[in-house]
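Worksheet for the structure shown next.
The values are calculated or read from the model by the stated rules, or taken from the named source; none is laboratory data. Quick caveat, the model's predicted, so the values are computed rather than measured. No Cβ is skipped: glycine too gets one built from the backbone with ideal geometry, and neighbour counts run over all protein chains shown.
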Amino acid sequence: MRELTQENYYEDKAYLTNSRFKRYQQCQAKALAVDIGEWVEDRDETPLLLGNYVHSYFESPEAHEKFLAENGDKLLAKTGKNKGNLKSDFVIGDKMIESLKDDDGFNNLYHGYSDDDVQKEMIVFGEIEGVPVKGKLDSVNVSRGYFVDLKTMKSIYSDEWNAELRKRVPAAVNNILGFGYHGQLALYRELLKQMTGREFRPYIVAVSKENVPDRDILKIDEEWLEEGLNKLKSEIVGVWKVIQGEKEPEKCGRCDFCRSQKKLTGAIKLSDLIGE
Ligand SMILES: [Zn+2]
C-alpha cells in the first residue's frame, strides 16, 4: 500500500473511508456504479461546501484562504436581489464561525493549550476485519489523548421523531445515529489506537445552521461507540468483496439508481404495500 498524504488522500481508492462504506450500506449497486463512474450522484453541493467553509476556518487561516480561492464563486448568489453577495447559506456559515471563534471552551478543546501537540486534518489508517480503512480527523490533541470532530447540523435540540428508538429526540440524536457518526468516531478511535497504541477519547463539537447558531460539545457513550463499530465490522467484509468484484452488488430497489434500472414485470397488491 502506498503512503497516504494530504495530496493523494481523496484520489486514493485502495483504502475504504467511512463515507464510502456508508454509501455501500445504503445501496451496493448504486455505490458501485458511482465508484466506477457509471452513475453521477445528483445532490445539492451546498451542505458540503458550508461544512468545508466552517471547517477550513478552524483548520488554519491558510486553509480558509485556499478554500475561498478554490470555491469563491460558488459562495456568491448568481441571481436575485442578493446577486454578487454571499449566498444566505454562507452568511449563516459566518454566524456559525462567529459563534465558536471567541468561545474559550471551544478554543481550548479544538486548538488545545499553547504547549499541546494538536494536529489538524490528521490522516489515520489501518485495518478493520482485514479491510484497509482510512480517515481524516479534524483535530487531534496528541498531548492530551483526545480528538474532536466538528459537525454542522440543522439544529441540535429541535424535537424530532426517531422511528428506531420509537420516541422523540433532540435533532442531534437523529443526525448522529442517522449518519452513523457513532460508528465513524469509534472507527477513528480504533485506527488511532492501531497507529499509536493509545486509546483516544472522541468528542463532537456540534454547531447548528440556525439563524442564531447553537453549539455544544457532545460525547458518545461507550456502548454507542461499540454498537457503531460492531455494525461496521459485521458489514465491512461484504462491502469490500463487492468493491473487489468478488461479489455481485445487491440492489436496494428504491434509490434513484435502482429506479433508473427498473423494468415492470408484474402487479403489486395493495395489501402487500401496506404490509411492508
Ligand atoms: Zn438502490
Practice prompt. Give region 22-32 a look and list any residue that's near the ligand (Cβ under 9 Å from one of its atoms) and buried (at least 18 other Cβ atoms within 10 Å of the Cβ), or say none.
Written response: 27, 28, 29, 30, 31
Practice prompt. Could you tell me which residue of region 241-273 is nearest to the ligand (Cβ to nearest atom), considering only residues that are surrounded by 10 or more Cβ atoms within 10 Å (Cβ to Cβ) and among the aliphatic types (A, V, I, L, M)?
Written response: 242
Discussion item. Take residue 219 and tell me if it is at pLDDT 95 or above, touching a Phe, Trp or Tyr at 6+ places or on another chain (Cβ under 8 Å) and of a type in the set (D, E, K, R).
Written reply: yes
Practice prompt. Go through region 144-178 and count every residue that is within 14 Å of the chain's Cα centre (by Cα) and buried (at least 17 other Cβ atoms within 10 Å of the Cβ).
Written response: 11
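I'd like the full set of residues that are assigned to a loop (DSSP other than H, G, I, E, B) and farther than 18 Å from residue 29 by Cβ, limited to region 227-276.
Of everything in region 227-276, those that are assigned to a loop (DSSP other than H, G, I, E, B) and farther than 18 Å from residue 29 by Cβ turn out to be 264, 266, 267, 268, 269, 276.
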Discussion item. Looking at the structure I just gave you, is residue 204 assigned to a loop (DSSP other than H, G, I, E, B), aliphatic (A, V, I, L, M) and closer than 21 Å to residue 147 by Cα?
Written reply: no
Discussion item. Whether any residue in region 8-17 is in contact (Cβ under 8 Å) with a residue 40 or more places away in the chain, within 16 Å of the ligand (Cβ to nearest atom), farther than 27 Å from residue 118 by Cα and not charged (D, E, K, R) is what I want to check.
Written reply: no
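What is the residue count in region 155-184 for residues that are assigned to a helix (DSSP H, G or I) and closer than 27 Å to residue 212 by Cβ? First the steps, then the outcome.
Here is the first cut: in region 155-184, the ones assigned to a helix (DSSP H, G or I) are 171-178, 181-184.
Restricting the remaining residues to those that are closer than 27 Å to residue 212 by Cβ gives 171-178, 181.
The total comes to 9.
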